[in-house]
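For reference, the structure discussed in these notes is given below.
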Amino acid sequence: MKNAEAKNNRKTQSSRAHVTHEFPALFAPDSEILMLGSIPSPKSREQGFYYGHPQNRFWKVLAEVLREPVPATIDEKKAMLLKHKIALWDVLDSCTIVGASDTSIEDVVPNDISKIVAKTRIKRILCTGATAHKLYQKYCEAGTGMPAIKLPSTSPANCAVKFEKLVEIYKKAIR
């Protein structure tokens, strides 16, 4: 039974699926920084919030940069971001993707990022990974009139960039 279940999980993770963003952007009228990923991973969709994979370093990096305790709950994550005037969303509303592989993204429908920019005090847009940055440039930059800064991904798949280096890079972009 366990072997069949593991095989089924691998098959599910490697098959293409059309994915739609299932939870709203996080922002407040006083938000000044907008951080954008590409689209929520399967773990994030399962949890109903951003950067939900337990090995993703996003929350640990941000906590270090913002000099806050690492948030454990979704409410704590939201509170930390909003306290520091950081908004969070994804470039894509929907796409076809294999598991969490950004390199497999096709059939994209972008979010209208300009809606958040218009409702806030966004001064800086940061993309958490090369794919999010590329998609933002292609589909959203003209609508916002704002270039985005490309940050390295905090994904466990990006093991080439060590935690300390991520903190250093994110600190320069956020502060």
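Observations
- Carbon and sulfur %, accessible surface of segment 9-80 computed with the full protein complex present, 1.4 Å: 51 percent
- Separation in nanometres of the label points that stand 7 Å from Cα toward Cβ, at A72 and V161: 2.9 nm
- Approximate shape of the chain as ellipsoid semi-axes (Cα gyration tensor, √5λ), whole Å, largest first: 26, 20, 15
- Here is how the number arises for the chain: DSSP H runs of 4 or more residues each give -39500 (n - 2.57), the sum is divided by the residue count, and the result at 222 nm is -11500 deg cm²/dmol.
- Restricting attention to segment 46-175, close to 50% of DSSP beta bridges with both partner residues there are antiparallel.
- Scanning residues 5 or more positions from D93 or on other chains, those with amide H under 5 Å from its amide H are V109, N111, with H placed 1.01 Å from N in the peptide plane.
- Coupling constants for segment 103-113 follow from the phi torsions by the Karplus curve (6.51 cos²θ - 1.76 cosθ + 1.60, θ = phi - 60°), and in residue order they are 5, 9, 5, 9, 6, 7, 10, x, 6, 8, 4 Hz; glycine and proline get x.
- Normalised per residue, the accessible area of the chain is 55 Å², obtained with a 1.4 Å probe and no contribution from ligands, DNA or RNA.
- Pairs of lysines in segment 71-123 whose Cα atoms sit within less than 17 Å of one another amount to 6, provided the residues are eight or more positions apart or on different chains.
- Working ranking of peptides 67-80, 147-160 by packing, defined as the average number of other Cβ atoms within 10 Å per residue, highest first, is 147-160, 67-80.
- Straight-line cross-link reach from K172 at under 19 Å between alpha-carbon atoms covers these aspartates and glutamates, not counting any fewer than eight positions away in the same chain: E32, E64, E68, E164.
- FRET E, pair K83, I149, Förster distance 25 Å, beta-carbon r, rounded to 0.05: 0.70
- Separation of the S104 and E32 label points, Cα + 7 Å toward Cβ, nm: 4.0 nm
- In this structure the amide hydrogen of L126, modeled in the peptide plane, comes within under 5 Å of the amide hydrogens of L34, M35, L36, I149, none closer than 5 places in sequence on its chain.
- Per-pair calculated FRET efficiency, R0 = 35 Å: R175 and Q47 via Cβ, rounded to 0.05: 0.80
- Summed side-chain charge close to C95 - residues other than C95 whose Cβ falls under 11 Å, Lys, Arg +1, Asp, Glu -1: -4
- Calculated over segment 19-61: convex hull of Cα atoms, volume per residue (Å³): 87 Å³
The values are calculated or read from the model by the stated rules, or taken from the named source; none is laboratory data. Just so we're clear, the structure is a prediction, and the values are computed from it rather than from any experiment. Neighbour counts run over all protein chains shown; Cβ positions are idealised from the backbone, glycine included. Just the protein is used for accessible areas: all its heavy atoms, side chains included, with ligands, DNA and RNA removed. Shrake-Rupley method; radii C 1.70, N 1.55, O 1.52, S 1.80 Å.
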